Amino acid sequence: MNIILLGPPGSGKGTQTANIAKEYCLCVISLGAMLREEATKDTPHGKEIKNILAKGELVPIETTTKIIKKKLQKENCTKGILFDGFPRTLEQAEALEDIASIDYVFELAISDDEVIKRLSNRTQCKKGHIYGPTIPSKKQGICDIDGFPLAQREDDTQEAIEERLVIYHDETEPLIEYYKPRNIVHTIDASKKPDKVFADIKKILNL
Ligand code: AMP
């Protein structure tokens, strides 16, 4: 079972990726998280990625496909793959055709206003556990799971959020039309609380 999660920044892709992968034992390709890890490397390539992420722009397709292929070579994904944040462009969707055949596309639908509100209040620990208005941590500023401090992401600045929303509407949203003729697109109301969103996704996956 291969799944794509599509949605603007702040729609809950990261949170639902963790839920779905655990429930259905899927391999996870969370491209944003993988790129953030690359960006910590003190190499010219790492620095280049760090710059692109901070501006909220997309990294080149050569980088994305290389990272994905490398990860999939290492893993044994017998139950399937969950793609979080990939594809984000038509070009990437076409490249994905050679990597995996997709069974479900979930569009996490949410308004730009709600995205801006969520991202301005979003924090996460260095392991990527996410907190915000709908998922508060028990102790302020501390991750419930591993006790690491919580911080705002470098690309959750107003400028970068706006850029990421523009890219989402211009480049990623058209993918819904790309996949629609295959009858695999499911639109989920992502403004609900995370457990309700997950319940809606499960209803479809368990059909
Ligand atoms: P995310 O964690 O999904 O919000 O992604 C964070 C950032 O990583 C994005 O704003 C982009 O800069 C980069 N990124 C994530 N996925 C992709 C992708 N499919 N193609 C290019 N850049 C990406």
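The values are calculated or read from the model by the stated rules, or taken from the named source; none is laboratory data. What you see is a predicted model; the values in this text were computed from it and never measured. Reconstructed Cβ throughout: ideal geometry from the backbone, glycine too, with neighbour counts over all protein chains shown. Accessible surface is based on the protein model in full, side chains and every heavy atom, while ligands, DNA and RNA are left aside. Shrake-Rupley method; radii C 1.70, N 1.55, O 1.52, S 1.80 Å.
Quick rundown of the values:
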| item | result |
| --- | --- |
| Inter-residue pairs, beta-carbon under 6 Å, first exposed (fewer than 14 other Cβ atoms within 10 Å of the Cβ) and in segment 164-193, second part of a loop (DSSP other than H, G, I, E, B), 6+ apart | Lys193/Thr134 |
| Extreme residue, nearest to the ligand (Cβ to nearest atom), among residues of segment 150-207 that are of a type in the set (S, T, N, Q) and touching a Lys or Arg at 6+ places or on another chain (Cβ under 9 Å) | Thr172 |
| Only listed residue being farther than 24 Å from Ile188 by Cβ and modelled with pLDDT of 95 or more, chosen from Lys47, Lys79 | Lys47 |
| Matching residues in segment 87-115 - criterion: being touching a Ser or Thr at 6+ places or on another chain (Cβ under 6 Å) and without any contact (Cβ under 8 Å) to a residue 40 or more places away in the chain | Ala95 |
| Failed criterion for Arg153 (all others in (1) over 24 Å from Ile52 (Cα atoms); (2) open to solvent by less than 70 Å² (accessible area, probe 1.4 Å); (3) among the basic types (Lys, Arg) hold) | (1) |
| Close pairs from segment 66-86: first under 23 Å from Gly12 (Cα atoms), partner open to solvent by 30 Å² or more (accessible area, probe 1.4 Å) and in a loop (DSSP other than H, G, I, E, B), Cβ under 7 Å, at least 6 apart | Ile68/Ile99; Lys79/Met1; Lys79/Cys25; Gly80/Met1 |
| Ala160 vs. criteria crowded, with 17+ Cβ neighbours inside 10 Å, among the aliphatic types (A, V, I, L, M), in contact (Cβ under 8 Å) with a residue 60 or more places away in the chain and more than 23 Å from Cys25 (Cα to Cα) | yes |
| Matching residues, segment 19-60, being in a helix (DSSP H, G or I), open to solvent by less than 60 Å² (accessible area, probe 1.4 Å) and in contact (Cβ under 8 Å) with a residue 40 or more places away in the chain | Asn19, Ile20, Ala21, Tyr24, Leu31, Gly32, Ala33, Leu53, Ala54 |
| Selection status of Ala39, in contact with a Lys or Arg (Cβ under 6 Å, 6 or more places away or on another chain) and within 15 Å of the ligand (Cβ to nearest atom) | yes |
